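Single-structure report; data block below.
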Amino acid sequence: MKARTFRHGIHPADGKSLSASSPIRLFVPTGAGEAVYPLSQHIGTPAVPVVSVGDRVRAGQKLAEAGGFVSAPIYSAFSGTVRALEPRTAAGGETVPCIVLETDAETEWIDPRFDPATSDVFNASSVAAYMASGAPEHLTAEDIRAAVREAGVVGLGGAGFPTAVKLTPKNPDAIDRLIVNGAECEPYLTSDHRLMLERGEALVAGCRLLLRLFPGAVCVLAVENNKPDAIAHLSDLVRACGDARLSVCPLKTKYPQGGERMLIRAVTGRYLNSRLLPADRGCIVMNVASVLAAYGAISCGRPLTHCIMTVTGDAVSSPCNLEVPVGTSYAAVLAEAGGFSAEPEKVISGGPMMGTALFSLDIPVTKTASSILALRHDPVALHDASPCIHCGHCLHACPEGLVPQLLSAAAEQEQFDVFEKYGGMECIECGSCAFVCPAGRHLVQSMRYGKRQTGALIRARKAAETSNQTAQKGGAGK
Ligand code: SF4
Ligand code: SF4
């Protein structure tokens, strides 16, 4: 099948060979220690603690419940004692409220099916047995959404949007595509690739369960063609399951192919802007790891306690893919990969294009953590910004068809009316423009600044319009 794609984009060196052939290994921290759970590990209202200082908890037990509709509960991956409810530093450098556990030397699980060391929930034979058991046919849409909500599943591609909310569009009958995002277009990251190879049966089963929510939809598993083994494996599984609603769609390898708007464009030809949700264009997009977490939740009520992380880069001793208990420190995860092999100039949480630079490893792993990337040389630090030479490279790289040099200049000169007029709010902060800029201009930072300031002005304008309308209505009534 011809690989699909979107216009523009870039081809950075992918660095994936460092860890792509490393099977996912369960990381079991040894000895007593500490686990830290930020109450905001998702988009929306923070979770609310249901434990108090001094409480004993077991792994798989709920620590905090959803704080509202757009929120998600948080579960412990350890047994231990609640030591504190206090602010701690998170990956972005901000201080956030957290539940702190003193963990036991040996982890005791609330249910053995939730323990990744003993659970067979993702094994091919268990998946086949569950799908043939008749249980899936009895699931209602509300059963599925409730299981996903209760398990604390959120978008594991990085966004952290509560999955149960995503699975509750205004009009489920208008959804005609469930798109599974297996692009993994960020350089260096390989965890989704490994999941597609190692847990493909559960992934396909998860897609079939989720399709029960959208009777008019088909499911497309979209995978970049730099992962031909995953495309072949999933194609075999889709054929074998005999469900004609499922298909595998190869995508051209290009960054940012995994961006939600680019993915929808490539798979369906439909265009989204910043004011539309995928559901407004008939699509639900879910990351590979999120579908697997949903499968675990629906098939056996398994809460989300672990995430899959790629620990990689030329400054890491043994690049690998790890199944990591949420709450562990980044430092412990790095140690599991053998630590640094050389002094890194840059350490990133996530990929090199959209990840967050880390200034400390004494921060907790959250549900959405995808990677620790340690690089001997910081590619950004090599360039000091110089004036724009009007080469137009950024324009040809931008997947949103924007003119980054014009917009970044507008933002820097505080011309936010120009920024808005020329579509600056459509920027997805992918970094493609900065990647190709020979002048090393800090285009993403300028775009981010422009979006923040322009967004505030737009909100103020709308508030003023609303209050004017209210005043006019009040006046008309007198
Ligand atoms: S960061 Fe924004 S302006 Fe730059 S290429 Fe990406 S979408 Fe375009
Ligand atoms: S790529 Fe850099 S130098 Fe070239 S036009 Fe864009 S901002 Fe200017």
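Which condition does residue 435 not pass, out of (1) within 12 Å of ligand 1 (Cβ to nearest atom); (2) within 21 Å of residue 274 (Cβ to Cβ); (3) open to solvent by 70 Å² or more (accessible area, probe 1.4 Å), if it passes all the others?
(2)
Cβ-Cβ below 8 Å, separation at least six or inter-chain, first residue in the stretch 100-118 and in contact (Cβ under 8 Å) with a residue 24 or more places away in the chain, second of a type in the set (D, E, K, R) and open to solvent by 90 Å² or more (accessible area, probe 1.4 Å): which pairs?
Listed by first residue and then by second, the contacts come to 100/83; 101/83; 102/83; 108/58; 109/58; 110/58.
Quick one: would you say residue 411 is open to solvent by 60 Å² or more (accessible area, probe 1.4 Å), out of contact with any Leu (no Cβ under 6 Å at 6 or more places or on another chain) and of a type in the set (Gly, Ala, Ser)?
So residue 411 fails the test.
Identify the single condition in (1) surrounded by fewer than 24 Cβ atoms within 10 Å (Cβ to Cβ); (2) part of a loop (DSSP other than H, G, I, E, B); (3) aromatic (Phe, Trp, Tyr) that residue 130 does not satisfy, given that it satisfies every other one.
(2)
Does residue 151 satisfy the criteria of being aliphatic (A, V, I, L, M) and open to solvent by 30 Å² or more (accessible area, probe 1.4 Å)?
no
Within the stretch 420-446, count every residue that is within 11 Å of ligand 2 (Cβ to nearest atom) and part of a helix (DSSP H, G or I).
Counting residues in the stretch 420-446 that are within 11 Å of ligand 2 (Cβ to nearest atom) and part of a helix (DSSP H, G or I) gives 7.
Go through the residues of the stretch 27-39 one by one and say whether even a single one is closer than 25 Å to residue 248 by Cβ, assigned to a loop (DSSP other than H, G, I, E, B), at pLDDT 95 or above and in contact with a Ser or Thr (Cβ under 9 Å, 6 or more places away or on another chain).
No, because not a single residue in the stretch 27-39 is closer than 25 Å to residue 248 by Cβ, assigned to a loop (DSSP other than H, G, I, E, B), at pLDDT 95 or above and in contact with a Ser or Thr (Cβ under 9 Å, 6 or more places away or on another chain).
Here are 412, 465: which of them is of a type in the set (Asp, Glu) and either touching a residue at least 40 places away in the same chain (Cβ under 8 Å) or within 14 Å of ligand 2 (Cβ to nearest atom) (or both)?
Testing whether each residue is of a type in the set (Asp, Glu) and either touching a residue at least 40 places away in the same chain (Cβ under 8 Å) or within 14 Å of ligand 2 (Cβ to nearest atom) (or both) leaves just 412.
With respect to residue 355, is the statement that it is loosely packed, with under 15 Cβ neighbours inside 10 Å and not assigned by TED's automatic domain parsing to the domain that holds residue 434 true?
So residue 355 does not fit the description; no.
For residue 452, are the conditions met, namely being more than 14 Å from residue 402 (Cα to Cα), within 16 Å of ligand 1 (Cβ to nearest atom) and open to solvent by 70 Å² or more (accessible area, probe 1.4 Å)?
The answer is yes for residue 452.
With respect to residue 417, determine if the residue is acidic (Asp, Glu) and either within 16 Å of ligand 2 (Cβ to nearest atom) or assigned to a loop (DSSP other than H, G, I, E, B) (or both).
no
Here are 425, 447: which of them is in contact with a Cys (Cβ under 6 Å, 6 or more places away or on another chain) and within 16 Å of ligand 1 (Cβ to nearest atom)?
447
Give the residues of the stretch 372-391 that are over 22 Å from residue 403 (Cα atoms), part of a loop (DSSP other than H, G, I, E, B) and at pLDDT 90 or above, sorted by residue number.
Those that are over 22 Å from residue 403 (Cα atoms), part of a loop (DSSP other than H, G, I, E, B) and at pLDDT 90 or above: 376, 377.
Condition check ((1) open to solvent by less than 20 Å² (accessible area, probe 1.4 Å); (2) part of a helix (DSSP H, G or I); (3) closer than 24 Å to residue 122 by Cβ) across all residues:
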{"position": "179", "(1), (2), (3)": "yes, no, yes"}
{"position": "216", "(1), (2), (3)": "no, no, no"}
{"position": "234", "(1), (2), (3)": "yes, yes, yes"}
{"position": "237", "(1), (2), (3)": "no, yes, yes"}
{"position": "257", "(1), (2), (3)": "yes, no, no"}
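Among the residues of the stretch 5-26, which ones are among the basic types (Lys, Arg), at pLDDT 95 or above and open to solvent by 90 Å² or more (accessible area, probe 1.4 Å)?
Of everything in the stretch 5-26, just one residue is among the basic types (Lys, Arg), at pLDDT 95 or above and open to solvent by 90 Å² or more (accessible area, probe 1.4 Å), namely 25.
The values are calculated or read from the model by the stated rules, or taken from the named source; none is laboratory data. Everything numeric here is computed off the predicted structure, so don't read it as measured data. Note: ideal-geometry Cβ built from the backbone for every residue, glycine included; neighbour counts use all protein chains shown. For the accessible areas, the whole protein counts, side chains as well, though only heavy atoms, and no ligand, DNA or RNA atoms are used. Shrake-Rupley method; radii C 1.70, N 1.55, O 1.52, S 1.80 Å.
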